[in-house]
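The values are calculated or read from the model by the stated rules, or taken from the named source; none is laboratory data. Remember, predicted model here, so these are calculated numbers, not experimental data. A quick note on method: Cβ atoms are made from the backbone with ideal geometry, for glycine too, and the neighbour counts reach across all protein chains shown. Heads up: the accessible areas ignore ligands, DNA and RNA and are worked out on the full protein's heavy atoms, side chains in. Shrake-Rupley method; radii C 1.70, N 1.55, O 1.52, S 1.80 Å.
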There are 2 protein chains.
Amino acid sequence: MSTTLLSGRALAQLIQQKARDEARDLDIDGLRPTLAVVVATDDGSTHWYVRSIERAAEGAGINCRIVDLGQDATGQVLASVLKDLSAEPSINGIILQTPLPPGVDADELVGHIAPEKDIDGANPLSLGRLAVGQPSFAPATARAVIEILDHFDIPVAGRNVVVIGRSAVVGKPLSLLLLERDAAVTVCHSRSGPLENYTRTADVVVVAAGRTGLLNGGHISAGTVVIDVGTNVLPDGSLVGDVDEASVKGIAAALTPVPGGVGSVTTSLLLLHTVEAAREQSRALVRGTAV
Amino acid sequence: MSTTLLSGRALAQLIQQKARDEARDLDIDGLRPTLAVVVATDDGSTHWYVRSIERAAEGAGINCRIVDLGQDATGQVLASVLKDLSAEPSINGIILQTPLPPGVDADELVGHIAPEKDIDGANPLSLGRLAVGQPSFAPATARAVIEILDHFDIPVAGRNVVVIGRSAVVGKPLSLLLLERDAAVTVCHSRSGPLENYTRTADVVVVAAGRTGLLNGGHISAGTVVIDVGTNVLPDGSLVGDVDEASVKGIAAALTPVPGGVGSVTTSLLLLHTVEAAREQSRALVRGTAV
């Protein structure tokens with residue numbers, strides 16, 4: 001069986017185009033969507049990543065304000081900056097970029113991001129709203145998985161979907177999104193016992209554990225669709241996922257590559273979320289109500 | 001195989017005793033834990049249920065303030081009462097009792113319950129905090145399932161647990177609690193396809209769908225533990241769960257009865273949560289910090 005590679009690149013272009021079109025429509029009304037990215041590290045690859053968001057934003061007609069607080073920023077300063085950005089009408093979306101300085105509690109800080117500007121679904125309130133079906137932004141990576149499934153017409157309703165990984169940024173929000181789409185959702189993780197007990201009967205397996213080679217061909221059945229959310233940097237600097245591609249190819253019906261799969265869609269969704277946030281905020285202004 | 005009945009009554013007594021002991025310890029410091037129950041209906045069975053909470057609270061040394069706003073209460077009045085109770089230092093726990101008047105949006109109202117007083121885990125923020133591992137109260141029914149499993153020494157770590165039902169009050173919070181306990185968790189529901197595909201290989205099945213006879217002996221394997229969260233009132237007024245007890249008995253290793261199973265533990269947990277909330281709030285006062 002030949003395994004179809006599900007590239008995310010064309011989809012990323014489509015989403016970016018959609019963000020650009022909608023940003024332009026908003027701009028006519030005098031509102032240019034603006035994304036704030038808060039950084040507090042001197043880690044080179046983080047700055048590289050943030051600049052890539054900035055470039056993508058500019059390409060989509062979205063302002064990007066990078067708020068670099070330096071590697072010595074305190075939790076207090078970070079909290080106050082997040083509160084200010086949350087209150088500032090010209091800011092539509094806010095990302096708190098990790099890593100943060102040692103001793104700073106990211107889990108506590110994200111609670112200061114206003115839910116309506118929380119375009120990467122970092123605030124626990126966003127996750128809770130997602131769980132109860134209220135409007136909220138899912139983490140971009142979790143939504144990227146759904147967008148890829150939709151783009152390639154892979155149904156999940158009534159099907160057996162296994163998510164490997166129980167993180168608050170991927171596994172848990174993704175399982176909520178899949179439940180909303182009427183899948184039967186199983187969440188496995190490092191302590192849940194043999195993977196193959198669950199993955200062998202799955203229609204779709206999503207791997208988001210951050211462990212190179214975690215899922216191999218022996219874990220799946222012919223025809224399984226495998227979505228690889230892992231992004232692991234090897235000693236030589238190359239990027240690989242959580243899937244042992246070589247052994248999965250020829251068994252899986254389809255597989256997302258790393259790089260060029262889920263990760264390539266994520267940034268475009270941050271931009272689309274920013275535009276969606278800007279639109280909602282401008283509507284709320286027109287209605288004269290706080291968001 | 002004979003099926004053990006997992007009665008919740010003795011466990012309920014134990015939890016109530018624990019609440020009573022801890023309430024007494026707090027009372028020495030001059031603080032009597034207080035639970036507020038907000039009601040806005042003239043439904044008889046609801047008032048009967050609220051009085052049963054009140055009686056149980058009194059028995060555990062907990063004040064219970066029933067705030068009856070009548071069946072014509074508006075959303076605005078309800079919101080303002082919930083905000084006032086959230087701000088009132090003498091109130092430690094808050095329950096918003098359903099049903100609410102027609103047109104009133106319960107989902108929106110529960111957002112006004114302060115998370116530290118949200119002892120039935122109704123605010124989406126409580127659910128989000130549960131998901132990210134921050135301190136929060138789970139809905140009492142979801143925690144009741146965990147307490148029953150613990151009480152009868154039924155392990156879930158590394159085991160296959162299937163939850164039927166994806167509600168925000170049971171299925172979703174319970175799946176988070178089970179993940180925290182290292183289970184592999186599958187959530188099924190009305191649209192996820194044939195139940196037996198998932199339940200036949202499960203070690204533990206929790207049914208929380210609100211449908212009489214949903215799970216029968218044909219769905220499970222010898223040795224499965226079945227927890228029945230359903231509470232369905234039959235035309236003759238009797239209470240039954242979601243499990244067809246007759247066909248499950250003799251196949252399941254153990255089964256919670258309805259009534260007398262999960263439901264009987266729930267009220268005692270509301271009391272324990274109120275005492276836990278009171279303790280945290282008094283500690284926060286001592287520290288001089290807002291909770």
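Are there any helices (runs of 4 or more DSSP H) wholly within the stretch B:123-223 with 3 or more residues that are under 21 Å from residue A:134 (Cβ atoms), among the basic types (Lys, Arg) and under 20 Å from the mean Cα position of the chain (by Cα), and if so which?
Details: elements: B:124-132, B:140-151, B:171-180, B:196-199.
Of the helices (runs of 4 or more DSSP H) lying wholly inside the stretch B:123-223, none has at least 3 residues that are under 21 Å from residue A:134 (Cβ atoms), among the basic types (Lys, Arg) and under 20 Å from the mean Cα position of the chain (by Cα).
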Exercise. Can you tell me which residue among A:74, A:98 is over 30 Å from residue A:253 (Cβ atoms), over 17 Å from the mean Cα position of the chain (by Cα) and not acidic (Asp, Glu)?
Key: A:74
Quiz item: Just for the stretch A:180-196: of the residues that are of a type in the set (Gly, Ala, Ser) and open to solvent by 10 Å² or more (accessible area, probe 1.4 Å), which one is farthest from the other protein chains (Cβ to nearest Cβ)?
Solution: A:190
Practice problem: Identify, from the list A:133, A:103, the residue that is of a type outside the set (S, T, N, Q), more than 14 Å from every other protein chain (Cβ to nearest Cβ), open to solvent by 30 Å² or more (accessible area, probe 1.4 Å) and out of contact with any Asp or Glu (no Cβ under 6 Å at 6 or more places or on another chain). | Solution: A:103
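Restricting the search to the stretch B:111-122, which residues are assigned to a helix (DSSP H, G or I) and either in contact (Cβ under 8 Å) with a residue 60 or more places away in the chain or more than 9 Å from chain A (Cβ to nearest Cβ) (or both)? Step through it out loud before you land on a result.
First, the residues of the stretch B:111-122 that are assigned to a helix (DSSP H, G or I): B:111-112, B:115-117.
Those that are assigned to a helix (DSSP H, G or I) and either in contact (Cβ under 8 Å) with a residue 60 or more places away in the chain or more than 9 Å from chain A (Cβ to nearest Cβ) (or both): B:112, B:115, B:116, B:117.
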Exercise. Please indicate, with yes or no, whether at least one residue in the stretch A:207-218 is surrounded by 15 or more Cβ atoms within 10 Å (Cβ to Cβ) and within 11 Å of chain B (Cβ to nearest Cβ).
Key: no
Self-check item: Qualifying positions in the stretch A:149-170 - surrounded by fewer than 24 Cβ atoms within 10 Å (Cβ to Cβ) and at the interface with chain B (Cβ under 9 Å from one of its Cβ atoms)
Solution: A:157, A:158, A:159, A:160, A:168
Quiz item: Would it be correct to say that residue B:251 is away from chain A (no Cβ under 14 Å) and part of a loop (DSSP other than H, G, I, E, B)?
Solution: yes
Quiz item: If a residue has to be in contact with a Ser or Thr (Cβ under 8 Å, 6 or more places away or on another chain) and assigned to a loop (DSSP other than H, G, I, E, B) to count, how many in the stretch B:237-248 make the cut?
Solution: 2
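Could we say that residue A:54 is in contact with a helix residue (DSSP H, G or I) (Cβ under 6 Å, 6 or more places away or on another chain), open to solvent by 10 Å² or more (accessible area, probe 1.4 Å), of a type outside the set (S, T, N, Q) and closer than 23 Å to residue A:147 by Cα here?
Values: in contact with a helix residue (DSSP H, G or I) (Cβ under 6 Å, 6 or more places away or on another chain): no; open to solvent by 10 Å² or more (accessible area, probe 1.4 Å): yes; of a type outside the set (S, T, N, Q): yes; closer than 23 Å to residue A:147 by Cα: yes.
So residue A:54 fails the test.
Just to check your reading of the model, which residue among A:79, A:40, A:87, A:36 is open to solvent by 70 Å² or more (accessible area, probe 1.4 Å), farther than 28 Å from residue A:152 by Cα and among the small types (Gly, Ala, Ser)?
Details: A:79 fails: open to solvent by 70 Å² or more (accessible area, probe 1.4 Å); A:40 fails: open to solvent by 70 Å² or more (accessible area, probe 1.4 Å); A:36 fails: open to solvent by 70 Å² or more (accessible area, probe 1.4 Å).
Exactly one residue qualifies, and that residue is A:87.
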Quiz prompt | Answer residue from the stretch A:233-291, given it is loosely packed, with under 15 Cβ neighbours inside 10 Å and among the hydroxyl-bearing types (Ser, Thr, Tyr) and is farthest from residue A:95 (Cα to Cα) among those | solution = A:238
